[in-house]
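Here the structure is laid out as structure tokens; the discussion comes afterwards.
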Amino acid sequence: MAKLLNEDATKQIKEVLQGMVNKVTMIVFTKKGKCNTCKETKQLLQEVKPLNDKINVLEKDLEDDLDEAKKYNVTLAPTIIILDKDDKYQGLKFTGIPAGHEINSFLSAILTMSGKNIEIDDKTIEKIKNIDKAVDIKVFITLSCPHCPGAVATSHALAYLNDNVEATMIEAQTFMDLAREYKVSGVPKIVINDKYEIVGNQPIDAYLKEIEKL
Amino acid sequence: MFNFNVEKKSNSDIFDQVKKWDLLIIGGGPAGLNAGLYAKRKGLVVGIIAKEIGGQLHNTTTVDNYLGFNMIEGKDLSNTFLDHINQLDVPILSGTNVKAITNIKPDFQIETENGKKLISKTVLMATGGMPRKLGIPGEDKFANKGITYCATCDAPFFKDKEVIVAGGGNSAVEGVLDLVPWAKKITLVHRSQFRADEILLKKLETIDKLTIHLQTQILAILGDELVTGIQVLNKKTNKKHIINTDGLLIEIGTVPNSYLIKDLVKTNQKDEVIVDNNQMTSLLGMFASGDITEQPFKQIIIATAEGAKAALAVNQYLNQNYKGE
Ligand SMILES: Cc1cc2nc3c(=O)[nH]c(=O)nc-3n(C[C@H](O)[C@H](O)[C@H](O)COP(=O)(O)OP(=O)(O)OC[C@H]3O[C@@H](n4cnc5c(N)ncnc54)[C@H](O)[C@@H]3O)c2cc1C
């Protein structure tokens, strides 16, 4: 099969991944039968894996490994989740392939889960740590959207810093029905607990303001 | 097919180390990147802070008026710029906004959203612009519920749908071209005559699914949960009517991102920053380049040129007029 990542992209991704601190494990859930972008998502992980020896990849099937899928709250395929060095899931999830511009939020999630410092000021970190409700953040994106990786990375930072928060990138073109259900016509669109919405690549304070309303 | 666009990161640790910068550039679009190149070559201690590297270049599918490139994708041009300045190791702090700038004479303090406080002898504002709104009823209500300001980002949502494009300049015409592979029907609506380049307008002639309404002003955006249509005034007949649609792409230019310095420097009625021949604003040591300035032609090559001019002028100012240490 033709490679997804060309020589240039491979080199750049390798460079970025040099910032990894500890090992991470990525689990990719796909399913049998018709599954748009499942094959490519698996292939992407297979091409990224050899670029750093701190990366481990597991492939699971949404139906055959139902318990595992349930454990990580995975219902759609393809979905990637990333575990830290202690195999802990912190709520960082990608539903659909993180290609195009979104490769950047994918790389940033790998670095974060590997233990690389997130650049957020102490006061904001304190606020994030104090979130005591279950928060589900969905970030709808398209692969041609340059403003989207920023929004995904912000949501993932919230998830990383607080166990009550789970943040999922959703690639809207593959999951167009879901996008229509959430009335997405512009990205990034961020939906918090199916109730509050943020439009655009906003600062983390904008997320905290919506989360406070919950 | 998936076109992986890896953003090349430069080393940003240096932003915690430098005590005082010669020049901090706010903005990583064409103006800011070129200023970084010129300032570094002069030997200045220079850094760039940008929310999104590339700026509006990423909202542009193809650029065909930048000298030396017949036709290049906006993001490729941005990467080409970035490659060039990375070779010179210009430090870039990306992914964060500057949230405040204070003039601590003769220097400046710059505060970022991620909690950094930086001191610089000079500042270049190259924060460009953001999409201008129509400012009509329904626009806020349907933001992201059928209205978009970014064709490259949102075109897939208009697959097999009817879309209206508002505007008559180059970016509106490019918006139409971006929608052609997706939309079922496209209607371009503009309140006066076309301002777009002749060469772009020619491309519209072959699009069968396109209807054009010039001299037509959009009065309101209509809908229930999502956009269903627009109310327009035909200026030739002076009659109002409704055009049904599933979506609306608004491409009517930009408003300058001058909000950070509005109380510090002189601006015109459009909030554009007024600069002198050396790109210096009314505040000593603060410069501005690109779409943020009152220069009327918002183009990549002009923004880059203004960036270069500012960097050279900063160098001159530091050598001749800077009063601090
Ligand atoms: C759809 C479209 C098509 C276009 N097509 C063409 C074309 O074909 N040819 C052409 O010549 N021109 C074209 N243009 C215009 C061109 O893109 C702009 O003139 C040019 O990008 C302006 O450059 P700039 O550096 O001044 O600002 P921008 O490109 O707007 O960059 C601004 C930078 O500032 C950053 N920023 C803003 N606020 C902050 C903050 N508070 N803190 C930190 N960073 C901040 C942004 O993230 C970005 O990095 C097009 C524009 C659009 C929208």
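Considering only Cα atoms, the convex hull volume of segment A:122-211 works out to 82 Å³ per residue. Between B:Gly290, B:Gly74, B:Gly223, the residue with the greatest mean-square fluctuation in the GNM of chain B (Cα pairs under 10 Å linked by springs) is B:Gly223.
For segment B:183-197, backbone phi angles converted through the Karplus equation (6.51, -1.76, 1.60; θ = phi - 60°) give residue-by-residue couplings of 6, 7, 8, 10, 10, 9, 10, 9, 6, 10, 9, 4, 10, 5, 5 Hz, Gly and Pro being listed as x.
Here the calculated FRET efficiency for B:Lys105 and A:Lys70, from their Cβ-Cβ distance with R0 = 51 Å, stands at 0.25, rounded to the nearest 0.05.
Note that segment A:46-59 has calculated 3J(HN,Hα) couplings of 5, 7, 7, 3, x, 7, 7, 6, 8, 9, 10, 10, 10, 10 Hz, one per residue in order, obtained from phi through the Karplus relation 6.51 cos²θ - 1.76 cosθ + 1.60 (θ = phi - 60°); glycine and proline are x.
For chain A, adding -39500 (n - 2.57) for each run of n ≥ 4 DSSP H residues and dividing by the number of residues yields -10500 deg cm²/dmol at 222 nm.
Amide H to amide H, with H built 1.01 Å from N, B:Asn114 comes under 5 Å of B:Asn97, counting only residues 5 or more places away or on other chains. Within 10 Å of the Cβ of each residue in B:153-162, the mean number of Cβ atoms contributed by other protein chains is 5. Distance distribution note for segment A:7-87: the fraction of Cα pairs above 17 angstrom is 49%. Convert 37 °C to kelvin, take the viscosity as 0.692 mPa s, use the Kirkwood radius over C-alpha pairs of chain A as Rh, and evaluate the Stokes-Einstein diffusion coefficient in µm²/s, rounded to a whole number. Once the numbers are plugged in, D ends up at 190 µm²/s.
Here the contact order of segment A:26-89, divided by its residue count and restricted to Cα pairs under 8 Å and six or more residues apart, works out to 49 percent. Which of rounded, prolate, oblate describes the protein assembly as shown, given a ≥ b ≥ c as roots of the alpha-carbon gyration tensor eigenvalues and a/c under 1.5 marking rounded, otherwise prolate only if a/b is larger than b/c? Oblate. In chain A, Cα pairs under 8 Å separated by at least six residues give a relative contact order of 19 percent. If R0 is 25 Å, the Cβ-Cβ spacing of B:Lys159 and B:Met71 corresponds to a FRET efficiency of close to 0.50. As an exercise, use a Förster radius of 35 Å and the Cβ-Cβ distance of B:Lys184 and A:Cys35 to find the FRET efficiency, rounded to the nearest 0.05. The formula returns an efficiency of 0.80 here. When you count the other C-beta atoms within 10 angstrom of each residue and take the mean per peptide, B:63-72, B:210-219 line up highest first as B:210-219, B:63-72. Annotation: amide H-H contacts under 5 Å for B:Ala220 (H modelled 1.01 Å from N, sequence separation of 5 or more, or interchain): B:Gln231.
Highest mean packing comes first when the peptides A:63-70, A:38-45 are listed by Cβ atoms within 10 Å, giving A:38-45, A:63-70. Against the empirical 2.2 N^0.38 Å (N residues), segment B:147-250 has a Cα radius of gyration ratio of 1.00. Straight-distance candidates among the lysines for linking to A:Lys183, with alpha-carbon spacing under 18 Å and chain neighbours fewer than 8 residues away dropped: A:Lys138, A:Lys195, B:Lys141, B:Lys145, B:Lys159, B:Lys161. Only helices enter this figure: runs of n ≥ 4 DSSP H residues, each worth -39500 (n - 2.57), summed and divided by the residues of chain B, yield -6500 deg cm²/dmol at 222 nm to the nearest 500. Remark on B:Phe287: its backbone amide H falls under 5 Å from those of B:Val123, B:Leu124, B:Met125, B:Thr281, a criterion applied only to residues 5 or more positions apart or on other chains, H modelled at 1.01 Å from N. Restricting attention to the protein assembly as shown, close to 50% of DSSP beta bridges with both partner residues there are antiparallel. Summarising the overall dimensions of segment B:1-114 from its C-alpha atoms, the Rg and Dmax are 15.0, 52 angstrom.
Select from chain B the helices, each a whole stretch of DSSP H, whose alpha-carbon atoms run 27 Å or more along the helix axis and whose Kyte-Doolittle mean is at least -0.5; answer none if there are none. Those that clear 27 Å and a mean of -0.5 are B:300-320. Comparing mean-square fluctuations of B:Thr304, B:Thr293, B:Thr96 from a GNM of chain B with C-alpha springs under 10 Å, the top value falls on B:Thr96. Partner shielding of B:138-148 amounts to 3, given as the average count of beta-carbon atoms from other chains within 10 Å of each residue beta-carbon.
FYI, it's all coordinate maths here, none of it is from the lab. For clarity, every value in this text was computed on a predicted model and none was experimentally measured. FYI the Cβ positions are ideal-geometry reconstructions off the backbone, even for glycines, and counts take in every protein chain you see.
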